[in-house]
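A.B. asks: I'd like to ask some things about the structure below.
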Amino acid sequence: NLNKDFQVKSKTKLFSKPSYIRVLNNVSFELMEGETLSIVGESGCGKTTLGRCIVRGMNASSGEVLYHTEGGEQVNFLGLQGKEFKKYRKDIQMIFQDPYSSLSPRMSVYDIISEPLIANFKLSKAEVDEKVTEIAQKTGLNVSYLKRYPHAFSGGQRQRIAIARALVSKPRLIVCDEAVSALDVSIKAQIINLLKDLQQQLQITYIFISHDLSIVQNISDRVAVMHLGKIVELAPVDSLFDHPKHPYTEALLSAVPEPDPHLKKDRIILEGEVPNPANPPSGCHFHPRCAYKTDKCMQQEPELQLVGDHHYAACHYANEFTLRGVNHESQDK
Ligand code: SF4
């Protein structure tokens, strides 16, 4: 039940009460150890805010992140303070979108990667050296370049440095926020393969925030679709791509480019503007743009409910119509 409200200042009414926009609206999901859960949705749907609230890069307005520690305890990660917070802080890390601004230009690569070790562990210089060298090798960085500064590296190499920094303290969960969006296509593939290899070697769990559905289909075990601060569909990746149950997911999938020119795919263009989150539509928040809406949709907000095998959707009619997936049989040559 994670919620996040942003305060909006009025430019015209000097002494009016502040108003709020609900950017995360009662978001709940479970995350399994070792899986990759992708979060998708259009800009402004709340996916980055969700990632930041989970790692405490931003304070949630209310709700909990229940973390099952390696010792078998369950703690509310958002409520931890002082030593308790420090104890588990290293377990949850984040990789940011832009490798050009997420690394300090004043720190050498060695200092960037070793910083989490020095902050979280009492280690000798030799031990820090050993761990930095080990993670640099795992992430494909040239160890002899560690004394250089980020400006001497390409975008792909910088993202490897960011990954090494996130991994060096041996986290259990990494939130990757558009981690490959700023990279060239060939470099993207290298970084995706690196993330997958590291996941297998180190049993890491990923939350993969992205707007790129082709990559999401390749990397995910499960996918959550967000719309206006809410999860509207959550399902195993094949189930979601082949048999979407929410009309918003259907529209998103229709925008995925089809590399084979012989396969015909109809693009679904959503009518109208993205609704204003400060004044969301009544009932189902997607109804102004939904081709399937009824009177019920305008009055009653649908709950996220089980509609198939581990497949959840927030639509009154999720099981009553057949929506088009990317790999739908009708695309046969
Ligand atoms: Fe469309 Fe109604 Fe389903 Fe909302 S509940 S997605 S408006 S059919």
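Read-outs throughout are calculated quantities, based only on the coordinates presented, and are distinct from any laboratory measurement. Quick caveat, the model's predicted, so the values are computed rather than measured. Glycine gets a Cβ as well: all are built from the backbone with ideal geometry, and neighbour counts include every protein chain shown.
A.B. asks: Collect residues whose amide H, placed 1.01 Å from N in the peptide plane, falls under 5 Å from the amide H of residue 231; neighbours closer than 5 in sequence don't count.
C.D. replies: Residues meeting the criterion, in which the H sits 1.01 Å from N, are 28.
A.B. asks: Let me ask something else about it. Exactly which chymotrypsin sites (Phe, Trp or Tyr not before Pro) in the stretch 57-103 are in a DSSP loop and have at most 14 other Cβ atoms within 10 Å?
C.D. replies: 100
A.B. asks: What are the ³J(HN,Hα) values, in whole Hz, obtained from phi via the Karplus relation 6.51 cos²θ - 1.76 cosθ + 1.60 with θ = phi - 60°, for each residue of the stretch 117-130 in sequence order, with x given for Gly and Pro?
C.D. replies: 3J(HN,Hα) across the stretch 117-130, in whole Hz: 5, 5, 6, 10, 10, 9, 10, 6, 4, 5, 5, 4, 4, 5.
A.B. asks: I need two numbers for the chain: Rg to one decimal and Dmax as a whole number, Cα atoms only, in Å.
C.D. replies: 21.6, 68
A.B. asks: Using modelled backbone amide H atoms (1.01 Å from N, in-plane), which distant-in-sequence or interchain residues come within less than 5 Å of residue 19's amide H?
C.D. replies: 8, 10
A.B. asks: Could I ask something else about it? Which chymotrypsin sites (Phe, Trp or Tyr not before Pro) in the stretch 103-162 sit in a loop by DSSP (not H, G, I, E or B) and have at most 15 other Cβ atoms within 10 Å of their own Cβ? Present the calculation step by step, with values, prior to reporting the outcome.
C.D. replies: Values: sites: 110, 121, 145, 153; in loops: 121, 153.
Qualifying residues, ordered by number: 121.
A.B. asks: If r is the Cβ-Cβ distance from residue 19 to residue 64 and R0 is 35 Å, what FRET efficiency results, to the nearest 0.05? Before the final figure, lay out the partial values.
C.D. replies: On the way: r = 26 Å, r/R0 = 0.74.
With R0 = 35 Å, the Cβ-Cβ based efficiency is 0.85.
A.B. asks: Using Cα pairs under 8 angstrom and six or more residues apart, how large is the relative contact order of the chain, in percent?
C.D. replies: Values: 569 pairs, mean separation 65.6, N = 333.
20 percent.
A.B. asks: A follow-up question, please. Under 5 Å between amide hydrogens, which residues at least 5 positions from residue 39 or on another chain qualify, with H placed 1.01 Å from N in the peptide plane?
C.D. replies: Correct list: 208, 209, 210, 224.
A.B. asks: Could you run the Karplus curve 6.51 cos²θ - 1.76 cosθ + 1.60 with θ = phi - 60° over the stretch 218-226 and give me ³J(HN,Hα) per residue in whole Hz, x for Gly and Pro?
C.D. replies: 7, 9, 8, 8, 9, 9, 10, 9, 10
A.B. asks: Nothing charged except the Cβ atoms of Lys and Arg (+1) and of Asp and Glu (-1): what's the magnitude of the dipole of the stretch 28-220 about its Cα centre? Round to the nearest 20 debye. Numbers along the way, then the final one.
C.D. replies: Working: 22 positive and 21 negative charges, 141 e Å.
Dipole about the Cα centre, nearest 20: 680 debye.
A.B. asks: What FRET efficiency comes out for the pair residue 86/residue 273, r = Cβ-Cβ distance, R0 = 51 Å, nearest 0.05? Intermediate values should be presented prior to the final figure.
C.D. replies: Working: r = 45 Å, r/R0 = 0.88.
Calculated value: 0.70.
A.B. asks: Lys pairs in the stretch 102-255, Cα-Cα under 19 Å, at least 8 apart or on separate chains: how many?
C.D. replies: 13
A.B. asks: Restricting to DSSP H runs of at least four residues, report the calculated mean residue ellipticity at 222 nm for the chain, -39500 (n - 2.57) per run over all residues, nearest 500 deg cm²/dmol. Let's see the in-between values first.
C.D. replies: Numbers: 10 runs with 100 residues, N = 333.
Value at 222 nm, helices only: -9000 deg cm²/dmol.
A.B. asks: Quick one: compute the contact order of the stretch 28-220, relative version, from alpha carbon pairs under 8 angstrom and 6+ residues apart, as a percent.
C.D. replies: 33 percent
A.B. asks: Run the dipole for the chain about the Cα centre, Lys and Arg Cβ at +1, Asp and Glu Cβ at -1, nothing else charged, and hand back the magnitude in debye, nearest 20. Walk me through the numbers on the way to the answer.
C.D. replies: On the way: 39 positive and 39 negative charges, 320 e Å.
That gives a dipole near 1540 debye.
A.B. asks: Determine how many Å³ per residue the convex hull of the Cα atoms of the stretch 28-220 encloses.
C.D. replies: Values: hull volume 24.9 nm³, N = 193.
Here the figure is 129 Å³ per residue.
A.B. asks: Towards the positive end of the charge dipole of the chain, with charges on Cβ (+1 Lys, Arg; -1 Asp, Glu), say which of 145, 319, 32 has the farthest Cα.
C.D. replies: 145
A.B. asks: Now for a separate question. For the stretch 160-166, what does the Karplus curve 6.51 cos²θ - 1.76 cosθ + 1.60, with θ = phi - 60°, yield as ³J(HN,Hα) per residue in whole Hz, taken in order and with x for Gly and Pro?
C.D. replies: Taking θ as phi minus 60°, the curve returns 5, 4, 4, 5, 4, 4, 5 Hz for the stretch 160-166.
A.B. asks: Assuming R0 = 41 Å, can you tell me the calculated FRET efficiency for the pair residue 133 and residue 309, based on Cβ-Cβ distance, to the nearest 0.05?
C.D. replies: Efficiency for this residue pair is about 0.35.
A.B. asks: Now, a different point. Take every Cα pair under 8 Å in the stretch 110-186 that's 6+ residues apart, average their separations, divide by the length, and report that relative contact order as a whole percent.
C.D. replies: After rounding, I find 40 percent.
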